[in-house]
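Working notes, structure below.
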Amino acid sequence: ALRFWINRGVKVELTDARDATPYWLISSKDPSALKEALKN
């Protein structure tokens, strides 16, 4: 989800050849914590 009033977030690059979407932009008040959560 992208919230335009939050100026921080994470860009997640997608590598699925079946999906034409190159990346997701996910807004977050704490992008570092989100990044760590997505690693697991």
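Derivation of every value follows stated rules applied to the coordinates shown; laboratory data play no part. A quick note: this is a predicted structure, and the numbers were derived from the prediction, not measured. Counting neighbours? That spans all protein chains shown, and the Cβs are built from the backbone with ideal geometry, glycine included.
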D (µm²/s, integer) via Stokes-Einstein for the chain, Kirkwood Rh across alpha-carbon pairs, 20 °C, 1.002 mPa s: value 196 µm²/s
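Based on DSSP loop calls and a cut-off of at most 14 other Cβ atoms within 10 Å, the longest stretch of the chain free of exposed trypsin sites (Lys or Arg not before Pro) is what?
On the way: sites that count: R3, R8, R18, K29.
Of all site-free stretches, the longest is 30-40.
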Taking R0 as 25 Å, what's the FRET efficiency between A37 and N7 from their Cβ-Cβ distance, rounded to 0.05? 0.80
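Below 8 Å between Cα atoms, with a sequence gap of 6+, how large is the relative contact order for the chain in percent?
Relative contact order of the chain: 43 percent.
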